[in-house]
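First comes the structure, then the notes that go with it.
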Amino acid sequence: MLTDQERPVEQPPVEAPATKRPAFHLNRQGRAAHVFLIPWQLGFLLITAVPLFASLYLAFTDYDILNPPEWSGLENFRRMVDDDQFWASVKVTLVYVVVSVPLQLGFALLLALILDRGLSGLAFYRSAFYLPSLLGTSVAIAILWREIFGDAGLINKGLALIGIDGESWLQNPKTALATLIVLNVWTFGSPMVIFLAGLRQIPDELYEAAKVDGAGVWRQFAHVTVPLLTPIIFFNLILQTIGAFQTFTQAHIISGGTGGPANSTLFYTLYVYQQGFVAFDMGYASALAWVLMAVIGVVTALHFLASKYWVFYGDN
Amino acid sequence: MTGLNRRGFLKLALGTTAASLSVAAVTGCGGSGGGAEGGGGGKTTLRYAWWGNTIRQQNYTKALQQFSSANGDIAIEPEFAEYSAFQERMTTQIAARDVPDIFWIASPQVLTYHKSKLYRKLDDVPTLNWGDYSKEDLETFKLGGELNTMPFAIFVPVIRYNETVAKADGVTLPAVGAGWNWNALSELLISYSKDNPGKRKGTPYAPDHDLTFEAWLRQRGEQLWTEDGQVGFTADGLGSWLDWWEKLRKAGAALSLSEQEGMGPDWAQVGKRVLLNFGNSNHIIDDAKMFPQDKFRLRPMPVDAGAVEGHKYLYFPRMAMYQRIDDSKVEAAGKVLDYNVNNPDMLKTVRLTMGAPTNPKVAEQAVAFASADEKEMLALVAGERTAQRKPRYEAPPGSSTWRTTMARVCEEIALGRTSVPDGSKKLVEEISAGIKRAQ
């Protein structure tokens, strides 16, 4: 073997004569990649980009779908200020995001920690717990929820056994939103699988070192697991927060599209739908949608800013 | 080796993509709404859109197939959806200028579509026969002074009661006449709910039912909508209706929101828990089937002594021909409309779930093949049809959400979150604001 000193000194490469290349020169592989990307690019352009920018224009118009849009400037945005239904939907959505996302992530992390302890049949449990994530936003599950929390549902039948005459949890404004939060928490499978993958990446040596230093289970969790899992927590937090802001199906099915009782499940996206497809007020609906997009953008940006103080990457 | 090198593969991929896009483009251009001859062999293809439940979908599909079999030169593409989904689809089709040739019109959209000029006039369609209708009938069918929609059925507000249960529980409804008034009905419901063996309530909580609310208003000299497209009732008029319901609710004569799982209860769920229901005359046909062991009967709405003349009214579901329909399709579309309204054969297949026939001759012929429930409906509508009636106006543009808003206000009142006067005022203001925005 040659040592570093014995290796011949590499000569600087002889520069080839300068040739002019076009600004967007692509080699054959690059061209091939673009060929294969064409369907996706067309799909993105026609199904996402064009409607996206069309809705931005429509947000500044009075547009009832049936007639051509008329420019109305900031009127749609000004209208939101005096719109009680708008504020009701904002309140419902914020409560849902603030309560359901931490609960769901906490539950997902708890289950991931349990499954990470080397249970036999892990694959089965992982699949079983992931299943609600696949079904949770479906119409079938929303209907199932009605059967569980309805006036004559499973919960009230259980309460009846101990002499409690319960009312429909879905028709009480104080509990209707809570049932939807429970539904969201129940769909913890997706973040759980991601947490599980994150937990598997934490080196065992760190736990062994912590044990040697006298750290108990709780201190290992607080000082080893959590810090090293923060990028995963952050990732899940971003995804679940955005998803929670966009919740629609469950509220639509459970309330029959009304957002009732008494606006207690009037999610923001449900209100956008009502304005666009029931009231035919597509200009206003577009403005509402862009406000939601802006809010999600701001919240996500704040998450990223705050992440500097609590998310630890391996290279920190 | 497969014999396909990289260059060849890329060419193949590019070629396939180009071909796919070409096909897609051609398909898009050649959609069924594009040409007069949508089908092969010189057939005229028409798109027909309607709403309902699965049974209605099957019945109408079968009837349309029967029509095509009898008229070999006309093919029909059915476009069916549930009521809400139907309206959503129509909205997007209108935006895309891809409207079916013949379509049913949901009640909140009748004048909205009219304002948007979606209807083709029908009185010049040679294959559509108006001969069986009286001059008065034709006047009531008109929108904006034109025969541009085809009312294809009639229904009226009714009280539908369970005669089997009533007999078993010893309940006798007052005979139609002076004793059949709103006060008598509320007293009956309250006393029944207090003491009956099945622990039934008198009625579901249904102050948001549009047709019965309209009946209440018209008896008091108000109306749902005015001729010039404004809200036709006052907060006081609405308040009196909600007060009547509050009396029932507080006395335990109406199901609670919890018991009926919200506003607009599912009859399959609540039918076994009540004596009667407020509804449309045609609902008896589907609803009675859910409780086959029971016999249901219809009553016209109760009438107080001071009710104004001409308060009775008929509601017509309508269908229309798209304004941009190809001229070469008009006669064929006229035949389809004629088959829908002037031919009892279609009713034998689709039954009378949409109401009594508008054509008086067909209504008479329908009695021969009608079921017991259908006969009950036909008889009641025939009686209402002979009554003196003041004009009724359709919902104006901008009012499409009024029923949702009314349900919300009723819900807030039932939950104690607002009072009847405040809720009534708020509802009138919200509906008026929607109409104003649409003008």
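Which of the residues that make up segment A:65-89 are of a type in the set (Lys, Arg) and either more than 10 Å from every other protein chain (Cβ to nearest Cβ) or under 22 Å from A:Ala262 (Cβ atoms) (or both)?
A:Arg78, the sole residue that qualifies.
Going through segment B:253-290 one residue at a time, which ones are over 15 Å from B:Leu415 (Cα atoms) and acidic (Asp, Glu)?
If the condition is that a residue be over 15 Å from B:Leu415 (Cα atoms) and acidic (Asp, Glu), then B:Asp266, B:Asp286, B:Asp287 are the ones that fit.
Might you let me know whether segment B:395-413 holds any residue that is touching a Leu at 6+ places or on another chain (Cβ under 8 Å) and away from chain A (no Cβ under 14 Å)?
No, segment B:395-413 contains no residue that is touching a Leu at 6+ places or on another chain (Cβ under 8 Å) and away from chain A (no Cβ under 14 Å).
Got a sec? Which helices (runs of 4 or more DSSP H) wholly within segment B:70-173 have at least 3 residues that are out of contact with any His (no Cβ under 6 Å at 6 or more places or on another chain) and within 25 Å of B:Leu347 (Cβ to Cβ)?
B:83-95, B:135-141
Can you find even one residue in segment B:248-258 that is within 13 Å of B:Ile159 (Cβ to Cβ), more than 14 Å from chain A (Cβ to nearest Cβ), touching a helix residue (DSSP H, G or I) at 6+ places or on another chain (Cβ under 8 Å) and open to solvent by 10 Å² or more (accessible area, probe 1.4 Å)?
no
Give segment B:367-377 a look and list any residue that's of a type in the set (A, V, I, L, M), surrounded by 21 or more Cβ atoms within 10 Å (Cβ to Cβ) and farther than 18 Å from B:Met301 by Cβ, or say none.
If the condition is that a residue be of a type in the set (A, V, I, L, M), surrounded by 21 or more Cβ atoms within 10 Å (Cβ to Cβ) and farther than 18 Å from B:Met301 by Cβ, then B:Ala370 is the only one that fits.
Which residues, taken from segment A:161-190, are part of a helix (DSSP H, G or I) and more than 14 Å from chain B (Cβ to nearest Cβ)?
Within segment A:161-190, A:Leu161, A:Leu177, A:Ala178, A:Leu180, A:Ile181, A:Val182, A:Leu183, A:Asn184, A:Val185, A:Trp186, A:Gly189, A:Ser190 qualify.
Give just the number: which of (1) open to solvent by less than 50 Å² (accessible area, probe 1.4 Å); (2) free of Cβ contacts under 8 Å to residues at least 24 places away in the same chain; (3) within 27 Å of A:Leu239 (Cβ to Cβ) does A:Tyr125 not satisfy?
Failed condition: (1).
Search segment A:128-151 for residues being modelled with pLDDT of 85 or more and in a loop (DSSP other than H, G, I, E, B), and hand back the single one that is most open to solvent (accessible area, probe 1.4 Å).
A:Asp151
Condition check ((1) more than 28 Å from B:Arg220 (Cβ to Cβ); (2) open to solvent by 40 Å² or more (accessible area, probe 1.4 Å); (3) within 14 Å of chain A (Cβ to nearest Cβ)) across all residues:
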| site | (1), (2), (3) |
| --- | --- |
| B:Lys117 | yes, yes, yes |
| B:Lys142 | no, yes, no |
| B:Glu146 | yes, yes, no |
| B:Asn162 | yes, no, no |
| B:Val165 | yes, no, no |
| B:Val176 | no, yes, no |
| B:Ala184 | no, no, no |
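Out of B:Thr44, B:Thr112, B:Thr61, report the one residue that is touching a Pro at 6+ places or on another chain (Cβ under 9 Å), surrounded by 16 or more Cβ atoms within 10 Å (Cβ to Cβ) and over 23 Å from B:His283 (Cα atoms).
B:Thr112
Could you pull out the residue among B:Pro396, B:Pro344 that is crowded, with 19+ Cβ neighbours inside 10 Å and either closer than 30 Å to A:Gly259 by Cβ or assigned by TED's automatic domain parsing to the domain that holds B:Val110 (or both)?
Just one listed residue meets the conditions, B:Pro396.
Would you confirm whether any residue within segment A:268-281 is in contact with a Lys or Arg (Cβ under 8 Å, 6 or more places away or on another chain), within 14 Å of another protein chain (Cβ to nearest Cβ) and open to solvent by 10 Å² or more (accessible area, probe 1.4 Å)?
Within segment A:268-281, the subset in contact with a Lys or Arg (Cβ under 8 Å, 6 or more places away or on another chain) is A:281.
Among the residues that remain, those that are also within 14 Å of another protein chain (Cβ to nearest Cβ) are: A:281.
Now drop any that are not open to solvent by 10 Å² or more (accessible area, probe 1.4 Å), which leaves A:281.
Yes, segment A:268-281 contains a residue that is in contact with a Lys or Arg (Cβ under 8 Å, 6 or more places away or on another chain), within 14 Å of another protein chain (Cβ to nearest Cβ) and open to solvent by 10 Å² or more (accessible area, probe 1.4 Å).
What number of residues in segment A:207-227 are open to solvent by less than 40 Å² (accessible area, probe 1.4 Å) and assigned to a helix (DSSP H, G or I)?
Of the residues in that region, 6 qualify.
What number of residues within segment B:414-437 are within 10 Å of chain A (Cβ to nearest Cβ) and open to solvent by less than 30 Å² (accessible area, probe 1.4 Å)?
Counting residues in segment B:414-437 that are within 10 Å of chain A (Cβ to nearest Cβ) and open to solvent by less than 30 Å² (accessible area, probe 1.4 Å) gives 2.
Have a look at A:Ile253, A:Ile296, A:Ile242 and point out the one that is surrounded by fewer than 20 Cβ atoms within 10 Å (Cβ to Cβ), within 22 Å of the chain's Cα centre (by Cα) and within 14 Å of chain B (Cβ to nearest Cβ). Explain how you work it out, then say what you get.
Numbers: A:Ile296 fails: within 14 Å of chain B (Cβ to nearest Cβ); A:Ile242 fails: within 14 Å of chain B (Cβ to nearest Cβ).
It is A:Ile253.
Is there a residue in segment A:50-64 that is of a type in the set (D, E, K, R) and either away from chain B (no Cβ under 11 Å) or assigned to a loop (DSSP other than H, G, I, E, B) (or both)?
Yes, there is a match, as at least one residue in segment A:50-64 is of a type in the set (D, E, K, R) and either away from chain B (no Cβ under 11 Å) or assigned to a loop (DSSP other than H, G, I, E, B) (or both).
Of all residues in segment B:186-204, which are within 21 Å of B:Ser281 (Cβ to Cβ) and open to solvent by 10 Å² or more (accessible area, probe 1.4 Å)?
Hit for segment B:186-204 is B:Leu188, nothing else.
Test of understanding: among B:Asp101, B:Asp123, which residue is more than 16 Å from the chain's Cα centre (by Cα) and surrounded by 15 or more Cβ atoms within 10 Å (Cβ to Cβ)? Full working, then the answer.
Numbers: B:Asp123 fails: surrounded by 15 or more Cβ atoms within 10 Å (Cβ to Cβ).
None of the other options fit; the residue is B:Asp101.
Is it the case that A:Glu75 is more than 18 Å from A:Asn236 (Cα to Cα), charged (D, E, K, R) and exposed (fewer than 13 other Cβ atoms within 10 Å of the Cβ)?
Judged against the criteria, A:Glu75 is not a match.
Examine segment B:74-93 for a residue that is over 18 Å from the mean Cα position of the chain (by Cα), open to solvent by 40 Å² or more (accessible area, probe 1.4 Å) and more than 26 Å from B:Ile285 (Cβ to Cβ), and state whether such a residue exists.
Checked against the condition, which is being over 18 Å from the mean Cα position of the chain (by Cα), open to solvent by 40 Å² or more (accessible area, probe 1.4 Å) and more than 26 Å from B:Ile285 (Cβ to Cβ), segment B:74-93 yields at least one hit.
Within segment B:378-393, how many residues are crowded, with 17+ Cβ neighbours inside 10 Å and in a helix (DSSP H, G or I)?
Residues in segment B:378-393 being crowded, with 17+ Cβ neighbours inside 10 Å and in a helix (DSSP H, G or I): 5 in total.
Filter segment A:173-206 down to the residues that are over 18 Å from A:Leu144 (Cα atoms), open to solvent by less than 50 Å² (accessible area, probe 1.4 Å) and more than 21 Å from the chain's Cα centre (by Cα) and list them by number.
Once the filter is applied, which keeps residues that are over 18 Å from A:Leu144 (Cα atoms), open to solvent by less than 50 Å² (accessible area, probe 1.4 Å) and more than 21 Å from the chain's Cα centre (by Cα), segment A:173-206 yields A:Pro173, A:Ile202.
Filter segment B:413-439 down to residues that are over 29 Å from A:Lys174 (Cα atoms) and in a loop (DSSP other than H, G, I, E, B), then give me how many there are. Don't jump to the end; show me each part of the working.
So the first thing to find is which residues in segment B:413-439 are over 29 Å from A:Lys174 (Cα atoms), and the list is B:432-439.
Next, only the ones that are in a loop (DSSP other than H, G, I, E, B) stay: B:439.
Here the count works out to 1.
Tally up the residues in segment B:189-215 that are out of contact with any strand residue (DSSP E or B) (no Cβ under 9 Å at 6 or more places or on another chain) and outside any loop (DSSP other than H, G, I, E, B), please.
Of the residues in that region, 3 qualify.
For segment B:65-97, give me the residue count where each residue is touching a residue at least 60 places away in the same chain (Cβ under 8 Å) and over 15 Å from B:Ile325 (Cβ atoms).
Selection size over segment B:65-97: 4.
The values are calculated or read from the model by the stated rules, or taken from the named source; none is laboratory data. The structure presented is a predicted model; accordingly, all values stated were derived computationally and were not measured. Methodologically, a virtual Cβ is constructed for each residue, glycine included, from the backbone with ideal geometry; neighbour enumeration extends over all protein chains shown. All accessible areas refer to the heavy atoms of the entire protein, side chains included, with ligands and DNA or RNA removed. Shrake-Rupley method; radii C 1.70, N 1.55, O 1.52, S 1.80 Å.
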